[in-house]
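Read the structure below first, then the notes.
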Amino acid sequence: MSDLRQFTKGIIEALLFTDSPEEYNIKGLHHTAESVIKGIAKDYYNANKDKMRQYIEQECIDWSRLGHLVWYSWQGHGVGFFDYGDTKLAYILDERATDLPYLCTHLSDCEKYLII
């Protein structure tokens, strides 16, 4: 699996973890929401891949975990890059993640998918 696919998968995993209501059996993202996430993830990856690679090596994490951290920072969940240390690289990646557009998720009409 490519680095970008692993990174995007991590973002989607974190989104489902943080935004899925516990009382529903969420199957995943609606295809339109997945397209939005994939586009934003690709843009972030292309703009930051060198710094992302450095961070992965520095902190001994994988691309999927980096996707989690981007989502948590991006959406203001109070966890993220600084959980691994207060470094210049963490600051840069966090700042760039928080500059991404905030996404509001909600349930689809069938209550099985998250939509944006």
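Laboratory data are not the source of any read-out in this text; all were calculated from the coordinates shown. The structure displayed is predicted, hence computed values, not measured ones. Neighbour counts run over all protein chains shown; Cβ positions are idealised from the backbone, glycine included.
Of the candidates ALA47, ALA33, the single residue that is assigned to a helix (DSSP H, G or I) and either of a type in the set (D, E, K, R) or in contact (Cβ under 8 Å) with a residue 60 or more places away in the chain (or both) is ALA33.
Just checking, how many residues over region 92-116 are of a type in the set (Ser, Thr, Tyr) and more than 17 Å from the chain's Cα centre (by Cα)? Number of matching residues: 2. Got a sec? Which of GLU13, GLU111 is touching a residue at least 24 places away in the same chain (Cβ under 8 Å) and part of a helix (DSSP H, G or I)? Result: GLU13 is the single residue among GLU13, GLU111 that is touching a residue at least 24 places away in the same chain (Cβ under 8 Å) and part of a helix (DSSP H, G or I). Within region 76-103, the set of residues being among the polar types (S, T, N, Q) and not in a helix (DSSP H, G or I) comprises just one member, THR87.
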